[in-house]
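Asks: The structure is given below, and queries will be raised subsequently.
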Amino acid sequence: MAILPATAWAASGDPVVTTRSGRIRGTREAGLQVFRGVRYGQDSGLRRFRAPVAPEPWRDIRPATAYAPSCPQRARQDATSEDCLFLNIWTPGTERRARRPVMLYIHGGAYSNGSVVDPLNDGRHLAAQDVVVVTVNHRLNALGYLYLARLDPRFADSGNVGQLDLVLALQWVRDNIASFGGDPANILVFGQSGGGAKIATMMAMPAAKGLFHRAITMSGQQVTASGPLNASRRTAAYLERLRVSPGDLAPLLTMPVERLIDGLEAEDPILGGGLYMGPVLDMRWLQRHPFWPDAAPQGNALPMMLGNMLDETRAFIDPDGPLLRGLDWSNLADRMAGQLRMDLLPAWIVAQYRVHHPDWSAERIFYAATTAGRSWPGQVIEAEARARADAPTWVYQVDFQSPTEPRRGAPHGMDIALSFGTLDAQGSLTGTGVGARAASAAMMARFLAFARRGDPNGGAMAAWPQYRLDQRATMIFDAQSRVTNNPRGWEREMFARVPYIQPGS
């Protein structure tokens with residue numbers, strides 16, 4: 001019997017690749033070979049709250065031509081299922097000798113929502129630059145992060161199984177990506193918002209050691225994880241909502257998944273509002289906080305790029321909503337108080353902004369202060385910790401202003417389209433004008449250089465120094481990108497007067 005090569009061609013001309021589990025058939029699209037809905041783990045619905053396992057081998061050729069369902073969640077998705085451990089691949093070619101850099105993307109949505117089945121995450125533009133792009137879905141919310149280990153030994157891995165899904169996906173990439181033209185020794189992970197936080201967490205997880213070689217976090221940080229006691233309090237609130245006894249968790253294994261998602265409406269006993277789910281300091285898979293009291297030594301050898309948006313909170317605080325409606329100097333301090341994550345006197349904060357920016361409106365100060373006192377501190381702490389460890393670190397800030405929704409400025413999430421080049425995709429706020437194309441080209445070029453060499457410099461690009469405490473060199477991505485030292489320095493110093501408590505800790 002002849003041995004099949006790793007890559008073959010179906011009768012239709014579609015590519016067929018042999019993975020360790022079996023053969024899959026993708027599609028050819030615009031000069032690329034694309035594989036969607038590639039299974040990397042068994043049906044997690046059969047293993048609720050337990051670590052994932054690799055797929056069983058198969059003998060036929062399985063289609064990898066359509067996205068698989070996303071994890072069940074409260075946010076709207078086209079299709080969801082507990083059987084959600086799938087990834088997607090875009091590659092210029094499947095020849096093993098190519099050994100192209102691999103760029104693996106992890107989606108945002110905190111730890112509770114989101115999916116890479118999103119036009120903004122389409123990998124075709126990046127892959128066209130001679131890299132292999134992988135996007136990954138995994139378990140979220142209670143399905144991925146409900147902490148039951150203190151209640152039932154069957155669920156010893158619970159609290160972190162969403163992270164273990166990502167570890168399994170990275171193991172799959174290590175073992176199979178050469179058959180898709182990728183280099184298993186050159187894997188960059190990048191992720192936005194919750195995706196960046198998941199990456200920061202993996203940088204402190206021994207199980208993830210050696211599975212990736214560089215990292216980019218985009219508006220997503222994880223200074224500290226959830227402590228086991230607070231995680232247990234959240235579990236108690238969740239179980240009470242579902243009317244499940246802590247002494248008998250069996251109903252959780254047979255309950256319709258829709259009810260499990262409904263349980264997330266329980267009030268968070270620490271933060272208030274909806275129930276937070278995220279990685280847990282369980283001393284099994286996560287034995288220290290990612291960036292407290294310092295940067296986890298495991299991650300310090302990895303080149304890392306950290307970024308944030310200039311106007312993060314303009315994405316999720318509606319400029320026409322109740323907090324902004326009727327905003328003026330008399331109510332500014334009170335209205336922004338609930339949006340801060342730093343315990344500083346709001347009226348004093350407003351006074352500092354008015355001294356430094358006497359021409360700014362109340363609305364502009366509201367967004368600047370809530371961004372600097374909520375969304376930015378985690379990134380500053382992580383970058384400073386790595387600088388103190390002399391770890392290879394670069395920092396960026398996106399200043400490019402949305403031309404399609406000007407009141408949103410440079411909001412949380414807009415860097416997805418800029419980094420993927422999906423400027424015209426549904427959900428993009430960048431527009432497709434000259435400025436957007438320039439900002440995107442600059443960002444993609446730096447990301448690609450970082451993927452290839454672990455350094456965002458090279459060629460004719462202007463020098464981008466590493467982030468160190470004496471200069472705080474920061475790349476500003478804009479229509480005309482440039483390096484600036486210590487941008488927003490006085491704001492950083494102002495909020496550094498008090499400790500930052502990671503939400504969900």
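Asks: Where Lys and Arg each count +1 and Asp and Glu each count -1, what net charge lies around S44 among other residues with Cβ under 9 Å from its Cβ?
Replies: Local net charge: 0.
Asks: Would you work out which of A449, G421, P406 lies farthest towards the positive end of the dipole of the stretch 303-495, given +1 charges on the beta-carbon of Lys and Arg and -1 on that of Asp and Glu, about the Cα centre?
Replies: A449
Asks: Given a Förster distance of 25 Å, report the FRET efficiency between D343 and Q471 from their Cβ-Cβ distance, rounded to the nearest 0.05.
Replies: E(calc), rounded to 0.05, equals 0.25.
Asks: Of the listed peptides 265-278, 110-123, 158-171, 241-254, what is their order by residue-averaged count of other C-beta atoms within 10 Å, with the highest listed first?
Replies: Result, highest mean Cβ count within 10 Å first: 158-171, 110-123, 265-278, 241-254.
Asks: Still on this structure, I have one more. Please report, in debye to the nearest 20, how large the charge dipole of the chain is about its Cα centre when each Lys and Arg carries +1 at its beta carbon and each Asp and Glu carries -1 there.
Replies: My answer is approximately 1100 debye.
Asks: Let me ask you something else. Quick one: length gained pulling A441 to I61 fully straight, 0.36 nm per residue minus the C-alpha distance?
Replies: On the way: separation 380, 0.36 × 380 = 136.80 nm, distance 3.80 nm.
That pair, A441 and I61, stretches by 133.0 nm at full extension.
Asks: OK, next. Give the residue from I270, F190, L252 lying farthest towards the positive end of the charge dipole for the chain; charges sit on Cβ (+1 for Lys and Arg, -1 for Asp and Glu) and the dipole is referred to the Cα centre.
Replies: Most positive-ward Cα: F190.
Asks: In what sequence, highest mean first, do 446-453, 372-379 appear when ranked by Cβ atoms within 10 angstrom? Don't skip to the answer; put the middle values down first.
Replies: Numbers: 446-453: 21.5, 372-379: 23.8.
Descending mean neighbour count gives 372-379, 446-453.
Asks: Across 20 Å bins from the origin, how do the percents of Cα pairs in the chain run, short distances first?
Replies: Per 20 Å bin, starting at 0, the Cα pair percentages come out as 23, 57, 19, 1, 0.
Asks: Work out the FRET efficiency for A75 and H125 from their Cβ-Cβ distance, taking R0 = 25 Å, and round it to the nearest 0.05.
Replies: Values: r = 25 Å, r/R0 = 1.00.
Working from the Cβ atoms, E equals 0.50.
Asks: For the chain, calculate the relative contact order in percent as a whole number, restricting contacts to Cα pairs under 8 Å that are 6 or more residues apart.
Replies: Here the relative contact order equals 13 percent.
We did not get these values from a lab; they are worked out from the coordinates using the rules stated. Please read these numbers as outputs of a predicted model, since none were measured by experiment. Because the Cβ atoms are built from the backbone with ideal geometry, glycine has one as well, and the counts that use them run over all protein chains shown.
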